[in-house]
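Please read the structure below before turning to the comments.
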Amino acid sequence: MNPSVLHASGLTKTYGSTTALAGVDLTILRGESVAVMGASGSGKTTLLHVLAGITAPDAGRVSFSPAAGGAMDVTALGEGGRSKLRRENFGFVFQQGLLIPELTAVENVAIALMITGRGRAESVERAMSWLTALGLAGMETRRIGELSGGQAQRVATARAQVTGAEVVFADEPTGALDSRTSGEVMDALLWATTEQGRTLVVVTHDADVAARCSRTLSVHDGRLVGAGVSA
């Protein structure tokens, strides 16, 4: 069995009178792809945000174990520490991509490296390599509005992985795409993550997307339905 890369215990989170997470325990192993499913409002996106250090839980703990060794208590980090973790160790792909429309495809990818302190030339070179690997050669200088939805999501995938992120979190990455394009985006996501020995956590309503992952978890009223640890 591969070692764990993320381990959560006793996660709780409420928003007013609404319980988003109700004592979630979960272990995610290095190199696996995990789909998180559930009805709207079930808590699945909150779970992803807490695991990724975007949102702090009210109680509980998230531990991240990088490949270099040494576990890190994500929930004990301040906002600056969590921001650094998200910049350097985690990657993100969202339903609408959250790309910068004024920038070209290669600039959108390169900026993820540049904000970590890498030089522009090196950042652009690495961004070009990822775009080529994801089938976007020749489209590097197009702005996001000049790309199809599937192409834009591949740009987002390149941005998520150009820093060498060990874990990629994807929130409904195919939600706005047709079934054929959805399959192409999942091909790109899985190639860029698990096929490189990295980890993918994807929130989805799409059973076909979930079926592509190595494990599926269901969230109901803030609780995981089924085991939180890989067999």
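Just checking: which of the helices (runs of 4 or more DSSP H) contained wholly in region 39-148 hold 3 or more residues that are within 26 Å of THR194 (Cβ to Cβ) and of a type in the set (Val, Ile, Thr)?
44-51, 105-114
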Any hit, region 119-136, residues being within 20 Å of ALA52 (Cα to Cα), in contact with a Ser or Thr (Cβ under 7 Å, 6 or more places away or on another chain), surrounded by 21 or more Cβ atoms within 10 Å (Cβ to Cβ) and not basic (Lys, Arg): no
Positions within region 92-144 being hydrophobic (A, V, I, L, M, F, W, C) and at positive phi, in sequence order: LEU98
Counted residues, region 119-137 - those being in contact with a helix residue (DSSP H, G or I) (Cβ under 8 Å, 6 or more places away or on another chain) and either within 30 Å of SER63 (Cβ to Cβ) or among the charged types (D, E, K, R) (or both): 4
Selected residue (criterion: modelled with the lowest pLDDT) from residues of region 7-38 that are surrounded by 16 or more Cβ atoms within 10 Å (Cβ to Cβ) and not in a strand (DSSP E or B): GLY38
Pairs, first farther than 16 Å from PHE64 by Cβ and touching a residue at least 60 places away in the same chain (Cβ under 8 Å) in region 12-40, second assigned to a strand (DSSP E or B) and of a type in the set (Lys, Arg), C-beta under 6 Å, six or more apart: ALA20/LYS13; LEU21/LYS13; ALA22/ARG223
Which numbered condition THR194 misses (of (1) of a type in the set (Val, Ile, Thr); (2) closer than 24 Å to SER4 by Cα; (3) surrounded by 21 or more Cβ atoms within 10 Å (Cβ to Cβ)): (3)
Residue list for region 120-179, filter: farther than 27 Å from ALA68 by Cα and among the β-branched types (Val, Ile, Thr): THR132, THR141, ILE144, VAL155, THR174
Qualifying residue in region 100-115 (condition: hydrophobic (A, V, I, L, M, F, W, C), surrounded by 16 or more Cβ atoms within 10 Å (Cβ to Cβ) and either under 30 Å from ARG61 (Cβ atoms) or within 16 Å of the chain's Cα centre (by Cα) (or both)): yes
Test: residue in region 80-98 that is in contact with a Ser or Thr (Cβ under 7 Å, 6 or more places away or on another chain), more than 26 Å from SER123 (Cα to Cα) and either without any contact (Cβ under 8 Å) to a residue 12 or more places away in the chain or surrounded by 20 or more Cβ atoms within 10 Å (Cβ to Cβ) (or both): no
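The values are calculated or read from the model by the stated rules, or taken from the named source; none is laboratory data. Computed from a prediction, not measured in an experiment: that's the story for all the values here. Glycine also receives a Cβ, built like all others from the backbone with ideal geometry; neighbour counts cover every protein chain displayed.
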